[in-house]
Amino acid sequence: MDSAFGLLGVELAPEGGRPFTTKEVARVQAAELVAKRCACLPLSSFQKLRYASAKAVPKAAYGWFCCPPKPSTFKRLDAMIARAGPNPSQGDASLKQLFRGHSSSAAFAAGQQVVMAAWRRAVKSNKPPGIFREEGWVMTLRAFLEANSFTESGPWRWAAPCASSRVIDLDPSGSDFIRSKGEMGHVLREAWRQTLFEKWRARNLVTSRVCKSGQYSEARCTATRKLVGDHPHRFAVVCGAPVSFQRRAVMEPSRAKEKGCSKRARMIQCPWCKGREAPDWDHVCWRCPANGRAPYLAPPTDPLQRRLGWASMARTPAYNRDVLDWMAEIRQRVIEEQRRKARKPQMPKGEPVPQQEERKRRQLNFSLAQQQERKRRRLPIFLLS
Ligand SMILES: [Zn+2]
């Protein structure tokens, strides 16, 4: 490239790069402050997420051309945005990022702007966007595409993460060169979503192991995103944040700390059906005879739908919507029941309420008398006489 080339307000620096300044880091810090303020807005979590994405992400992503951002660069900003939006603590980080959307990811925005600037340059000049080398903005572009599962197969050419995706070729003379700006952006977004899905599937989590056979499908992901809408419990279910009586019992700190308390010993009875089966997520949603499930709502056979409520392309949209609504309702009911239980005072069994109150009153009086006695002893003798 002979000189810098201005394209729609974005200027690609020469391949040699330019000295890295602290401006980009200062912008990220300013964006973190914006996201922190968004979290304090008196709005719903989904509205706060949209504000944080619109205000903080473009600020942080701007300017990362000649120096690819490190994975840790946007870590704090991502955490601030997550805090502003829906963020179920048990959910998987990759799935939560997927359902928050690409607009909430500064790393994606920073990489995408380099690819799109190079693509616009190729379209305008009708030749490759520059000299393919290992420095400057070319390196930033290559690092971004590789982080999103593209494989470099030649100069300005990257193989798609899966057979259904398109190849990225930035040489306009090639047959795979994408002419439409919308399609180029769509290919990048889909690769980003698929990378997050595969990250979750590769993890050693209960949900990942159960859904090991589930493959990423663009249509399925789109249908699920539409079903979630602005509903916090639906969001939590599709992100792998189930709540069940059994899970709470196993994770309860007071029980977990008990020495020699095996997992089996910590199993509890289902408060709805009082059966012998452990009340895990699958039980409370689909197997419990007393959970109030309508007879027409048959349990899903697809593991990704049964566990995470993801829409199935083999079922009708109405069935997919009912399944996710039902799982969100169960999650809400379990949480409410746990909270109700936690609010109830823990009294010894078998003792009538008036006797319990009398015992508490006596204990209180006794402790007050003890305190007074201690104070009295601390006083000098001449004051007591
Ligand atoms: Zn049950």
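General observations
- Set of aspartates and glutamates with alpha-carbon distance to residue 274 below 17 Å, sequence-local pairs under 8 removed: 282, 337
- Ranked by how many other beta carbons lie within 10 Å on average, peptides 289-301, 93-105 from highest: 93-105, 289-301
- Computed lengthening from residue 370 to residue 215, 0.36 nm per intervening residue step minus Cα-Cα distance: 49.0 nm
- Residue 134/residue 316 FRET efficiency (R0 56 Å; Cβ-Cβ; nearest 0.05): 0.60
- Label-reachable residues, segment 63-85, where backbone N falls under 18 Å from a point 7 Å from residue 103's Cα toward its Cβ: 78, 81-85
- Estimated from the Cβ-Cβ distance and a Förster radius of 25 angstrom, the FRET efficiency linking residue 183 and residue 54 is about 0.55.
- Extension gain from residue 273 to residue 205, taking 0.36 nm per residue of separation minus the Cα-Cα distance: 21.7 nm
- Cross-link pairs 96/181; 48/96; 23/55; 181/226 - those with Cα-Cα distance over 21 Å: 96/181; 181/226
- Partners for residue 199 among aspartates and glutamates (Cα-Cα distance below 18 Å; same-chain residues under 8 apart left out): 78, 92, 146, 190, 218
Values in this text are rule-based calculations from the coordinates and carry no lab data. All figures in this text were calculated on a predicted structure; none of them were measured in a lab. When we count neighbours, we look across all protein chains shown, and the Cβ atoms used for this are built from the backbone with ideal geometry, even at glycine.
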